[in-house]
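The values are calculated or read from the model by the stated rules, or taken from the named source; none is laboratory data. Everything numeric in this text was worked out from a predicted model, so none of it was measured. All Cβ positions, even for glycine, are placed from backbone atoms using ideal geometry, and neighbour counts span all protein chains on display.
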Amino acid sequence: MRHPLVLGIETSCDDTACAVLDGEGRVLSSVVSSQLAVHRPYGGVVPEIASREHLANWPVVSREALERSGVKLGDVEVVAATRGPGLVGALLVGLSIGKAIAFAGGRPFHAVHHLEGHLFSPFLRPPGDPEPPAPPPGRFVGLVLSGGHTSLFAVEDGEISTLGETRDDAIGEVFDKVGKRLGLPYPQGPKVDELAERGTPGAQKLPVARFGDGLDFSYSGLKSQTLLAIERLERTLGPLDLDSGEPPQQPVLDLLAAFREAAVGQVFDRLERLQERQPIPLLAVSGGAAANRLLRRELPAWAERHGVELRLVPLVYSGDNAAMIAHAALLRHRRGAAGDPFAAEAESRIPL
Ligand code: KG4
Ligand code: ZN
């Protein structure tokens, strides 16, 4: 166990998470408590309930993270918490706890941007792996695919600049909306992906949104086309409810496969464009939607074809977690950038 020991806290949305990393970036523990069950009856995350749940869950989550890591709170040397973007009330819980721990122990505190956490998460190694992760290279391209973002970043010597982002819906968000229309419970993305696996590839086709020749993404067109196609199917099949327990009909599975192919196809389209402009030295792919099965199958082949080195986030860190927050803080700490616990504020929308 190398020093400094870092405690990470993440409460930006509906996961209460705490993690402990050692100074070489080994994940000693990463605990995520999901609030899915409490939000499910409402079909989405209820901000007020999320904040209350974070407060209620924190004692158990933090105790478990410390116990699993074998680290005592008093031995933690650097504290980090997500400052945004996210739900302000939810962020405030983790941020206030982090500030208090840092202040009480006189330790450095890092208020971390949620996307910075995702961006560097492909470099983490699974919890308990005795091998420390290799430090991220000076130059790489980060692709963050989540429920709130579809973004391409260029990272150069710790400086992050945006190459492209979605003009409307995020990729995970459209998976959720399509699933919701079919009666699936929140979060619908993983389930839509699972059902798409059973569709016949090529049985239906939906166009990939080109959107000029830049690197921005757009998913609202694909969303509308898919919702219209569902409506057309309902004219012949009757109302569709994939949560009814009935086995889904093949045309529905085929439509979901076509939807997923167009959604993932857009990601590859933008990667192609970028690669043509300026060869990608290394591509780091992260975020909840980086769990997508089709994407994970096709990315390694694409990268190999183009001679691009690929870091695909380990599945345990694709969704929101605190290991990525502690990791981003550790990278900052190494660059000597310590924060002031009292200057950090929770913010719902902040640029990276
Ligand atoms: O990173 P994340 O946990 O939270 C945000 O920062 O947004 O991402 C959650 C998003 C949700 O929209 C969820 O439906 C989507 O990631 N997601 C998926 C899959 N697993 C999670 N989308 C497509 N395919 C999946 N397998
Ligand atoms: Zn996230």
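See the values below:
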{"item": "Enumeration of residues in region 145-159 that are at negative phi and free of Cβ contacts under 8 Å to residues at least 24 places away in the same chain", "result": "A154, E156, E159"}
{"item": "Single residue of region 119-143 satisfying the filter (out of contact with any Asp or Glu (no Cβ under 9 Å at 6 or more places or on another chain) and not in a loop (DSSP other than H, G, I, E, B)) that is farthest from T82 (Cα to Cα)", "result": "V141"}
{"item": "All positions within region 195-215 that are over 15 Å from D254 (Cβ atoms) and of a type in the set (D, E)", "result": "D213"}
{"item": "Unique residue being within 16 Å of ligand 1 (Cβ to nearest atom) and touching a residue at least 24 places away in the same chain (Cβ under 8 Å) when the list is L274, L240, L253, L282", "result": "L253"}
{"item": "Residues within region 300-315 that are under 21 Å from G147 (Cα atoms) and crowded, with 16+ Cβ neighbours inside 10 Å, tallied", "result": "4"}
{"item": "Within region 191-203, tally of residues that are crowded, with 19+ Cβ neighbours inside 10 Å and not charged (D, E, K, R)", "result": "4"}
{"item": "Residue selected from region 81-117 under the condition without any contact (Cβ under 8 Å) to a residue 24 or more places away in the chain and either among the aliphatic types (A, V, I, L, M) or within 17 Å of A19 (Cβ to Cβ) (or both), by the criterion surrounded by the fewest Cβ atoms within 10 Å (Cβ to Cβ)", "result": "A104"}
{"item": "Answer residue from region 144-163, given it is part of a loop (DSSP other than H, G, I, E, B) and more than 23 Å from A17 (Cα to Cα) and is nearest to ligand 1 (Cβ to nearest atom) among those", "result": "G158"}
{"item": "Single match in R125, R139 (criterion: more than 25 Å from A17 (Cβ to Cβ) and either among the aromatic types (F, W, Y) or surrounded by fewer than 19 Cβ atoms within 10 Å (Cβ to Cβ) (or both))", "result": "R139"}
{"item": "Per-region count, region 274-289, residues under 12 Å from the mean Cα position of the chain (by Cα) and either loosely packed, with under 13 Cβ neighbours inside 10 Å or among the β-branched types (V, I, T) (or both)", "result": "1"}
{"item": "Pair list, Cβ under 6 Å, 6 or more apart: region 118-144 residue of a type outside the set (G, A, S), other residue modelled with pLDDT under 95 and assigned to a strand (DSSP E or B)", "result": "R139/E156"}
{"item": "Identity of the residue in region 316-330, of a type in the set (A, V, I, L, M, F, W, C) and crowded, with 20+ Cβ neighbours inside 10 Å, that ends up farthest from ligand 2 (Cβ to nearest atom)", "result": "L330"}
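Residues checked against (1) more than 13 Å from H113 (Cβ to Cβ); (2) assigned to a helix (DSSP H, G or I); (3) at pLDDT below 95:
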| site | (1), (2), (3) |
| --- | --- |
| I325 | no, yes, no |
| L330 | yes, yes, no |
| G336 | yes, no, yes |
| P341 | yes, no, yes |
| A346 | no, no, yes |
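For every residue, the table says whether it meets (1) closer than 15 Å to S218 by Cα; (2) among the β-branched types (V, I, T); (3) in contact with a helix residue (DSSP H, G or I) (Cβ under 7 Å, 6 or more places away or on another chain).
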| residue | (1), (2), (3) |
| --- | --- |
| A257 | no, no, yes |
| R260 | yes, no, yes |
| G265 | yes, no, no |
| R270 | yes, no, no |
| L274 | no, no, no |
| R277 | no, no, no |
| I280 | no, yes, yes |
